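Following: one structure in structure tokens, then a few remarks.
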Amino acid sequence: MENLHLKHFKTTSHSLSSMKLEDTVFLTQTDTTIGFVSQNAEKLTRIKQRPSHKHYIKAVNSLHTLQTFTRVPSMHKNRVRRAKKTTFILPNTHSYRVIYNSSHLLLLNRLKWVYTTSANLSNASYNEDFAKSMADIIVEPLKVNQAASRIVKLGLFTLKKVR
């Protein structure tokens, strides 16, 4: 297993243990790309300069955590359980991805769930300097940017590939 290093970057007077993790923006290698993760959607919206009406993908650490947010239609339960690197838009119009990547789960198991997004300005490409300057905590190592997750919209009885 890889060694992950937290690099506390913005505040020097506070320790990691005294920070409120719910308001912290992490820059980390997610299961698909280098991205920002946080439980504070408003803070992510300000950083990305993104329209506030757009929803973020909610990454969860387990199927049990997913059940606390929504109900997966019976027809799609096996699909959601077995899918890797796939985001599902459920009938409640929110997007969820269950994470199975062991290094990303090290952070996610502490938080249970996070909003996740690519580490760039809205409609712009990845810029490492921008990403590092906007993050409260950087979780290293940061690898190369990979392909984004597949997105599938699930209806009660339908399935539609979005990306």
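Descriptive notes on the structure:
- In order along region 113-122, the phi-based Karplus estimate (6.51 cos²θ - 1.76 cosθ + 1.60, θ = phi - 60°) of 3J(HN,Hα) comes to 8, 8, 7, 10, 7, 5, 8, 7, 5, 4 Hz; Gly and Pro are listed as x.
- Ellipticity at 222 nm from helices only: DSSP H runs of n ≥ 4 in the chain, each -39500 (n - 2.57), divided by the residue count, give -6000 deg cm²/dmol.
- Each Lys and Arg adds +1 at its Cβ and each Asp and Glu adds -1 at its Cβ; summed about the Cα centre, region 5-161 shows a dipole of about 800 debye.
- For the chain, the normalised intensity computed at q = 0.11, 0.12 Å⁻¹ comes to -0.44, -0.52 (log10 of I(q)/I(0), Debye sum over alpha carbons, equal scatterers, no solvent).
- Within region 5-161, percent of DSSP bridges classed antiparallel, to nearest 5: 70 percent
- Computed from backbone phi, the HN-Hα couplings of region 53-61 come to 7, 7, 7, 9, 6, 9, 8, 10, 8 Hz, rounded to whole numbers (Karplus: 6.51 cos²θ - 1.76 cosθ + 1.60, θ = phi - 60°; Gly and Pro given as x).
- When the chain is described by a simple charge dipole with +1 on each Lys and Arg Cβ and -1 on each Asp and Glu Cβ, the residue from T65, V162, A135 located farthest towards its positive end is V162.
- Residue pairs exceeding 25 angstrom between C-alpha atoms, taken from K43/K160; K84/K132; K48/K77; K43/K77; K58/K160: K43/K160; K84/K132; K48/K77; K43/K77.
- Structure remark: mean-square fluctuation, Gaussian network model of the chain, C-alpha springs under 10 Å; the largest value among A59, A148, A124 belongs to A124.
- Placing a label point 7 Å from the Cα of R150 along the Cα-to-Cβ direction, the residues of region 54-90 with a backbone N closer than 15 Å are 76-89.
- Against the main long axis of the alpha-carbon atoms of the chain, helix 102-111 sits at an angle near 80°.
- Backbone amide hydrogens, once placed in the peptide plane, bring I151 within less than 5 Å of T87, V162, R163, excluding anything fewer than 5 places away on its chain.
Bear in mind these aren't lab numbers, they're just calculated from the coordinates by the rules spelled out. It should be emphasised that the depicted structure is a prediction, and the values quoted were computed from it without experimental measurement. For neighbour counting, all protein chains shown are included, and Cβ atoms are generated from backbone atoms with ideal geometry for every residue, glycine included.
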